[in-house]
Amino acid sequence: MVQPKGVIEERYIRRNTAEPFYLSVSKGLVAGHESLHKFGVNFQVNSTTDPESIWTAGGLYPWSSLSTEQTLYIISTSSSDTGDILLEGLDSNYNKITETVTMTGLTAVSTTNQFKRIYRMQYQGTASNVGTITARVTSGTGTIVAQIDIGYSQTLMSIYTVPAGCTGYLLALDASVNKGEQVQINVYKRELNEPFKILHLTELFESTYHFDFSIPLKLPEKTDIDVRAAEVGTNNTRITNTFDMLLVKENSTGY
């Protein structure tokens, strides 16, 4: 049985007082525990198309495109992008999976593995990516499920799924909207075989927002997270979001 986060932390502190609990987690010193820091941005949320997920491809995230595991096709808008791409996601059983593929610029390269979820890509060339890099389903012109904008070298997507055999504990949330604009931030969760349900909501006007969950929100394995922006006042509103999570493997004592 998974130990409650507070119990784990208290037991750890009693036995290990040299450094903070979360620092030890980050160092990989706490068995069965892993930290997760996710961050995303939508540079152009429009009042005529919101709500939109907070990711650079825009619009709502196409979850239905990954209703079954898919081969992914990686392609750039520039012939100069010929470095390696590291993909991180989940397989058909919701277990963690990574794969590195070598890009060929304007020609799509397919993954060897099939992905049920994709939540991060990193470009590993000798310089930042010159073009917009996308991971697509079906073909190099199919639906986008992950995107790296020019010069960022990694995805900016507030999209995540808790792996099989793990429980996620949502610890903190940040959001911002650019000057003169307003937004409603909606955090949605979808547990396995259920619809998306609202988990957290806040509204901002040309400001930033930070919230610490004093009692972390428990997210079972295979739960999808989708942070969305809604109720913007004008087109091209810029929204950012980050969230921090503790992942705990089932049946781990953690100390």
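The values are calculated or read from the model by the stated rules, or taken from the named source; none is laboratory data. The structure presented is a predicted model; accordingly, all values stated were derived computationally and were not measured. Neighbour counts run over all protein chains shown; Cβ positions are idealised from the backbone, glycine included.
So the values come out like this:
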| read-out | value |
| --- | --- |
| Hits in segment 109-129 - residues which are more than 13 Å from ASN95 (Cβ to Cβ) and either of a type in the set (A, V, I, L, M, F, W, C) or not in a loop (DSSP other than H, G, I, E, B) (or both) | VAL109, SER110, THR111, THR112, ILE118, TYR119, ARG120, MET121, GLN122, TYR123, ALA127 |
| Checking LYS38 against (1) outside the structural domain of ASN241 (by TED's automatic domain parsing); (2) buried (at least 16 other Cβ atoms within 10 Å of the Cβ), the condition it does not meet | (1) |
| Residues of segment 176-188 classified as more than 14 Å from the chain's Cα centre (by Cα) and touching a residue at least 40 places away in the same chain (Cβ under 8 Å), total | 9 |
| In segment 76-87, the residues that are buried (at least 16 other Cβ atoms within 10 Å of the Cβ) and farther than 15 Å from GLY151 by Cα | LEU87 |
| Unmet criterion (only one of (1) assigned by TED's automatic domain parsing to the domain that holds THR234; (2) crowded, with 20+ Cβ neighbours inside 10 Å) for SER176 | (2) |
| Boolean, ILE148 is in contact (Cβ under 8 Å) with a residue 12 or more places away in the chain and either more than 23 Å from PRO62 (Cβ to Cβ) or surrounded by 22 or more Cβ atoms within 10 Å (Cβ to Cβ) (or both) | yes |
| Filter result for ASP244 (charged (D, E, K, R), within 26 Å of GLU69 (Cα to Cα) and touching a residue at least 24 places away in the same chain (Cβ under 8 Å)) | no |
| Selected residue (only one of THR161, THR155, THR167 is farther than 15 Å from ARG238 by Cα, β-branched (Val, Ile, Thr) and out of contact with any Gly (no Cβ under 9 Å at 6 or more places or on another chain)) | THR167 |
| Residue selected from segment 116-143 under the condition over 15 Å from the mean Cα position of the chain (by Cα) and aliphatic (A, V, I, L, M), by the criterion surrounded by the fewest Cβ atoms within 10 Å (Cβ to Cβ) | ALA127 |
